[in-house]
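Peer 1: Sending over a structure as structure tokens; questions will come in a sec.
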Amino acid sequence: MRIVHDWLGLLELPDSAQRIVSLAPNATETLYALGLGSRVVGRSAFCYRPAATLSLPVVSSYTRVRWDLLRTLNPDLVLISTGVQRDLLNELHEAGLPVFPLPLPSSPYGILENIVLLGGLLGAQVQANRLCADLSERYSKLYGLLPPMRV
């Protein structure tokens, strides 16, 4: 699939990645929540939830990569976050790896946007929509528990 990204320009990504390295904890947790954990072949040192991720090879810290291990894993998609990882994002992109950055969510609804985005990238739209509906319902219940806003 072809995607135009704000920072990276035109990206060529697989239609449905099967060998994913996740360097962002939020992406890793989302992949497992979508039932795609079997596709994850590597992680960062900060991706430790769910517990199943602990058996995966640690490919990076938050800002440094073990290039030899990353290349050995032969990922068809590397997920990373924006923000602190921006320099690493550029390194991965310049090295020719199929990298996609997920934006850092600025609200709980930004989390839902990332879930939909990942679901679309990985052919898991139905699972993503179901997860978003569940989380949205939970958000509403939590919101109802808050005291009224004072103005």
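The values are calculated or read from the model by the stated rules, or taken from the named source; none is laboratory data. The structure presented is a predicted model; accordingly, all values stated were derived computationally and were not measured. Ideal geometry is used to build each Cβ from the backbone, glycine not excepted, and the neighbour counts take in all protein chains shown.
Peer 1: Output yes when any residue across region 78-88 is modelled with pLDDT under 95 and touching a Ser or Thr at 6+ places or on another chain (Cβ under 6 Å), and no when none is.
Peer 2: So far as region 78-88 goes, yes, one or more of its residues are modelled with pLDDT under 95 and touching a Ser or Thr at 6+ places or on another chain (Cβ under 6 Å).
Peer 1: Can you work out which of the residues in region 42-59 that are surrounded by 22 or more Cβ atoms within 10 Å (Cβ to Cβ) and of a type outside the set (A, V, I, L, M) is farthest from Gly83 (Cα to Cα)? It would help to see each step written out before you state the result.
Peer 2: Initial filter on region 42-59 (surrounded by 22 or more Cβ atoms within 10 Å (Cβ to Cβ)): 42-44, 47, 59.
Going one step further and asking which of them are of a type outside the set (A, V, I, L, M), we end up with 42-44, 47.
Working: Gly42: 21, Arg43: 18, Ser44: 16, Cys47: 17 Å.
Checked region 42-59; the qualifying residue farthest from Gly83 (Cα to Cα) is Gly42.
Peer 1: With the requirement that a residue be aromatic (Phe, Trp, Tyr) and loosely packed, with under 14 Cβ neighbours inside 10 Å, what does region 76-126 give you? Spell out the reasoning first.
Peer 2: Within region 76-126, the first condition is being aromatic (Phe, Trp, Tyr), and the residues that meet it are 100, 109.
The one that is aromatic (Phe, Trp, Tyr) and loosely packed, with under 14 Cβ neighbours inside 10 Å: Tyr109.
Peer 1: What's the number of the condition Thr72 fails, among (1) β-branched (Val, Ile, Thr); (2) more than 20 Å from Gly123 (Cβ to Cβ); (3) touching a helix residue (DSSP H, G or I) at 6+ places or on another chain (Cβ under 8 Å)?
Peer 2: Among (1) β-branched (Val, Ile, Thr); (2) more than 20 Å from Gly123 (Cβ to Cβ); (3) touching a helix residue (DSSP H, G or I) at 6+ places or on another chain (Cβ under 8 Å), the lone unmet condition for Thr72 is (3).
Peer 1: Taking region 69-94 on its own, how many of its residues are more than 11 Å from the chain's Cα centre (by Cα) and closer than 21 Å to Ser16 by Cα?
Peer 2: Qualifying residue count for the region: 10.
Peer 1: In addition: When you scan region 1-78 for strands (runs of 3 or more DSSP E) that lie fully inside it, which ones turn up with 1 or more residues that are within 15 Å of His93 (Cβ to Cβ) and out of contact with any strand residue (DSSP E or B) (no Cβ under 9 Å at 6 or more places or on another chain)? Steps first, answer last, please.
Peer 2: Working: elements: 2-5, 9-12, 20-22, 40-44, 58-60.
Fully inside region 1-78 and qualifying: 9-12.
Peer 1: Among the residues of region 1-41 satisfying the criterion of being under 13 Å from Val99 (Cβ atoms) and of a type in the set (Gly, Ala, Ser), which is surrounded by the most Cβ atoms within 10 Å (Cβ to Cβ)?
Peer 2: Top of the filtered list is Ser22.
Peer 1: So, one more: So, of the residues in region 79-109 that are among the hydrophobic types (A, V, I, L, M, F, W, C) and not in a helix (DSSP H, G or I), which turns out to be farthest from Ala24 (Cα to Cα)?
Peer 2: Ala95
Peer 1: Here are Leu13, Leu36: which of them is under 13 Å from the mean Cα position of the chain (by Cα) and in contact (Cβ under 8 Å) with a residue 24 or more places away in the chain?
Peer 2: Values: Leu13 fails: under 13 Å from the mean Cα position of the chain (by Cα).
Answer to the selection: Leu36.
Peer 1: Restricting to region 127-148, count the residues that are in contact with a Gly (Cβ under 8 Å, 6 or more places away or on another chain) and either without any contact (Cβ under 8 Å) to a residue 60 or more places away in the chain or surrounded by fewer than 14 Cβ atoms within 10 Å (Cβ to Cβ) (or both).
Peer 2: Qualifying residue count for the region: 1.
Peer 1: Moving on. Name the one entry in Ser44, Ser55 that is more than 21 Å from Met1 (Cβ to Cβ) and without any contact (Cβ under 8 Å) to a residue 12 or more places away in the chain.
Peer 2: Just one listed residue meets the conditions, Ser55.
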